[in-house]
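Q: Got a structure for you, questions after.
The values are calculated or read from the model by the stated rules, or taken from the named source; none is laboratory data. Since the structure is predicted, the reported quantities are computational estimates derived from the model, not experimental observations. Glycine also receives a Cβ, built like all others from the backbone with ideal geometry; neighbour counts cover every protein chain displayed. Just the protein is used for accessible areas: all its heavy atoms, side chains included, with ligands, DNA and RNA removed. Shrake-Rupley method; radii C 1.70, N 1.55, O 1.52, S 1.80 Å.
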Amino acid sequence: MNNKAIVFARRNIVEILRSPVSWIFGFVMPIGIFVIMQIVINSIGEHAGSVPMFGVDRFTGGVVIFGASFLSLFCALLISNDRQQSFLARLLASPMRAFDYIAGYMLAVLPLAFAQAVVTFVAALCFGLSVTVNILPALLFSVFIGMLFVAIGVIFGSTLSAKSAPPLCSVVVQIATLLSGMWFDLDMIGGGFDLFCHILPFAHAYDLIRFTLVGAWGNVWLPALVVAAYVTALAVVAVFAFRLRARRV
Amino acid sequence: MHALNVENAVKTYRNTKRVVTAVDGASFFVNDGEIFGLLGMNGAGKSTLIKMCTGLIPPDGGRISVFRHDAVTEREIAKSLVNISPQETAVAPSLTVRENLQFIARIYGADKLAAGRAADEMLDGLKLAERANDRAGKLSGGLMRRLSIGMALITKPRLAFLDEPTLGLDVVARHELHRLIRARKADCSIVLTTHYLEEAKALCDRIAVMAHGKITAVGTVDELESLSGESDFERVFLKLAGERLEP
């Protein structure tokens, strides 16, 4: 990794962390979801125990997806603002290379993905998640899922304006959480909707975390493979979109 | 040696409805250590020409070289010799004034210590030392523009492009900036675009007038005056740009 990419990544981290929006959506909201869920469970009372969706081991996976989906917003906002304010033009005229830009944007968001996952799992432990060694691989997979959303963010940031990127990223957040199986059991719905959800990566990302947390290793490989395929494909599209945009400054 | 050599540069944009030739066979050179003005009406092609010279977009035809390094085939070398202050105030809003300067210095290869020293020097030169720890996004438009120019000059480029550097600055800030630009002349060639004709006249060793993508005249103020047959510089410019004021 060269120095320019690291210098650029540091700048990007500072830009993200100095925005209150990042703290609210990146760290406060995932904790808020746990709090809301606890209130719901308390309201339902003893019947909540019979509903698998309310199990903290399942719900944690959903919160990981929910939190990580905001990484696409941070990344898209950063890139589209850099474009709009001609900051990107200044950088493109500098001796930085294409690799430095992509690495700089991605490297900046991945530590945030890790920090966000740590906050999510600490919150989950506070709300009853069992302390097991499975949390460690789940943390790593969370960062891996973060890469999925970072790639989506780079694509949106490269193709959309600073005005249109946030609402469309919000749509991604909604779609990701809705179609991940976080709010309702996809197996119970079944049929075409279940199939559609499993064509997209979000349900697999959710499965990856929940199977890892319970140590169901035999079930982990398929979602891991699907998420890896999506990360690779979206990263290639992201690099292509960014390079295309760079030629049209 | 020429700091910049532009030979018959062409840039065409195509969309579904029409083809627009933004730069149409422009040719000129900039001497080492020269302040060179690029004047033209809005849409004349100045910004497109600067984008080509700084390696942001490739020319469709012709050749551009920076200190004899081709802007396309030796792009990385050419880019290391150049810096730009774009028309928009291109700063990182959440970074402080000092952090913005340090960041650009480091992107051009300075280590942390050297970047810090260069930032302090530039803060003094720009009279921004008191605002060093303020976030750039909180600065007024004029101060932000000053910072933007500082970011273009902090890397000690051999050729700097300043696209409308004094736009929106008050008269004192403008004079400060003129002083800064003149002080850099010894070790830096500067290409600047401006709509303030008096500024071009006062700062530039030579001026090129651009109209409809073409360079219509290049020379010193005296040469342009004699070429146009006019003595008032506004009239000189309008005549060479092929424009006229409605009575």
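Q: Given that compact globular proteins tend to follow 2.2 N^0.38 Å, what is the ratio of the alpha-carbon Rg of region B:107-247 to that value?
A: My calculation over the Cα atoms of region B:107-247 gives 1.22.
Q: Using only alpha-carbon positions, what ratio does the radius of gyration of region B:92-138 give when scaled by 2.2 N^0.38 Å?
A: Here the Cα radius of gyration is 1.04 times the empirical estimate.
Q: If you average the C-alpha positions of region B:93-131 and of region B:232-246 separately, how far apart do those two centres end up, in angstrom?
A: So the separation of the two Cα centres works out to 41 Å.
Q: Continuing with this model, one more query. For region B:92-138, what is the accessible area per residue in Å² when the probe is 1.4 Å?
A: Value returned for region B:92-138: 48 Å² of accessible area per residue.
Q: Place the peptides B:194-207, A:133-146 in order of packing, highest mean first, counting for every residue the other Cβ atoms within 10 Å and averaging per peptide.
A: A:133-146, B:194-207
Q: When the expected Rg is taken as 2.2 N^0.38 Å, what fraction or multiple of it is the alpha-carbon Rg of region A:165-204?
A: 1.20
Q: Among rounded, prolate and oblate, which fits region B:1-142 when a ≥ b ≥ c are the square roots of the eigenvalues of its C-alpha gyration tensor, a/c under 1.5 means rounded, and a/b larger than b/c means prolate?
A: Here region B:1-142 falls in the prolate category.
Q: If one takes the accessible area of chain A alone plus chain B alone and subtracts that of the pair, with a 1.4 Å probe, what total in Å², rounded to the nearest 100, results?
A: 2500 Å²
Q: OK, next. Calculate log10 I(q)/I(0) of region B:1-58 for q = 0.30 Å⁻¹, where I(q) comes from the Debye formula with a single equal point scatterer on each Cα and nothing for solvent.
A: The calculated log intensity ratios at q = 0.30 Å⁻¹ are -1.38.
Q: Which log10 I(q)/I(0) values does region B:27-111 give at q = 0.11, 0.12 Å⁻¹ under the Debye formula, counting every alpha carbon as one identical point scatterer?
A: Log-scaled intensity ratios, in q order: -0.39, -0.46.
Q: Hey, got the average number of other protein chain Cβ atoms within 10 angstrom for residues in B:150-159?
A: The per-residue average across the peptide is 1.
Q: Less than 13 Å Cβ to Cβ from B:ASP232, Lys/Arg counted +1 and Asp/Glu -1: what total charge do the surrounding residues give?
A: -1
Q: Sorted by mean Cβ packing within 10 Å, highest first, what order do the peptides B:12-23, B:98-109, A:115-126 take?
A: B:98-109, A:115-126, B:12-23
Q: Considering the alpha-carbon set of chain B alone, what are its Rg and its Dmax in angstrom?
A: Gyration radius and largest Cα-Cα distance of chain B: 18.2, 59 Å.
Q: When Cβ neighbours within 10 Å are restricted to other protein chains, what is their mean count per residue of peptide B:82-88?
A: Per residue, the average neighbour count from other chains is 4.
Q: How about region A:1-26: which of its residues lose at least 50 Å² of accessible area in the presence of all protein chains relative to their chain isolated, using a 1.4 Å probe?
A: Buried on complex formation: A:VAL7, A:GLU15, A:ARG18.
Q: Mean residue ellipticity at 222 nm from the helices of chain A, using -39,500 (n - 2.57) per DSSP H segment of n ≥ 4 over the full residue count, to the nearest 500 deg cm²/dmol?
A: -25000 deg cm²/dmol
Q: Around A:ARG245, what is the net charge, scoring Lys/Arg as +1 and Asp/Glu as -1 over all other residues with Cβ under 11 Å from its Cβ?
A: Counting the neighbours of A:ARG245, the net charge comes to +3.
Q: May I pose another question? Based on the alpha-carbon gyration tensor of region A:3-248 and its eigenvalue square roots a ≥ b ≥ c, which shape applies: rounded if a/c is under 1.5, prolate if not and a/b is larger than b/c, or oblate?
A: Since a/c reaches 1.5 and a/b is larger than b/c, the shape of region A:3-248 is classed as prolate.
Q: Would you work out what percent of the accessible area of chain B, with all protein chains in place, is carbon or sulfur (probe 1.4 Å)?
A: Ligands and nucleic acids excluded, carbon and sulfur reach 49 percent.
Q: Relative to the longest principal axis of chain B, what angle (0 to 90°, nearest 10) does the C-alpha long axis of helix B:97-107 take?
A: 70 degrees
Q: Can I ask one more? Mind checking the per residue accessible area of region A:3-248 for me, 1.4 Å probe, whole number of Å²?
A: 42 Å²
Q: Sort region A:89-208 into rounded, prolate or oblate with this rule: let a ≥ b ≥ c be the square roots of the eigenvalues of the Cα gyration tensor; rounded if a/c is under 1.5, and if a/c is not under 1.5, prolate when a/b is larger than b/c, oblate otherwise.
A: Oblate shape, in that a/c is at least 1.5 and b/c is the bigger or equal ratio.
Q: Are there residues in region A:52-100 whose accessible area shrinks by at least 20 Å² when all protein chains are included rather than the chain by itself, and which are they (probe 1.4 Å, ligands and nucleic acids not counted)?
A: A:GLN85, A:SER86, A:PHE87, A:ALA89, A:ARG90, A:LEU91, A:LEU92, A:ALA93, A:SER94, A:PRO95, A:MET96, A:ARG97
Q: Within 10 Å of each Cβ in B:52-62, how many Cβ atoms from other chains are there, averaged over the peptide?
A: 2
Q: In Å, the Kirkwood hydrodynamic radius of region A:152-249 over pairs of distinct alpha carbons?
A: Radius from the Kirkwood sum: 15.0 Å.
Q: Let me check I have the definition right: for the protein assembly as shown, take the eigenvalues of the Cα gyration tensor, multiply each by 5, take square roots. What are those semi-axes in whole Å, largest first?
A: They are 54, 23, 19 Å, listed largest first.
Q: Compare the peptides A:225-236, A:70-81, A:5-16 by average per-residue count of other Cβ atoms within 10 angstrom and give them in order, highest first.
A: Going from most to least packed, we get A:70-81, A:5-16, A:225-236.
Q: While we're on this one: Hey, how many Å between the Cα centroid of region B:1-59 and the Cα centroid of region A:187-232?
A: Comparing the Cα centres of region B:1-59 and region A:187-232, I get a distance of 52 Å.
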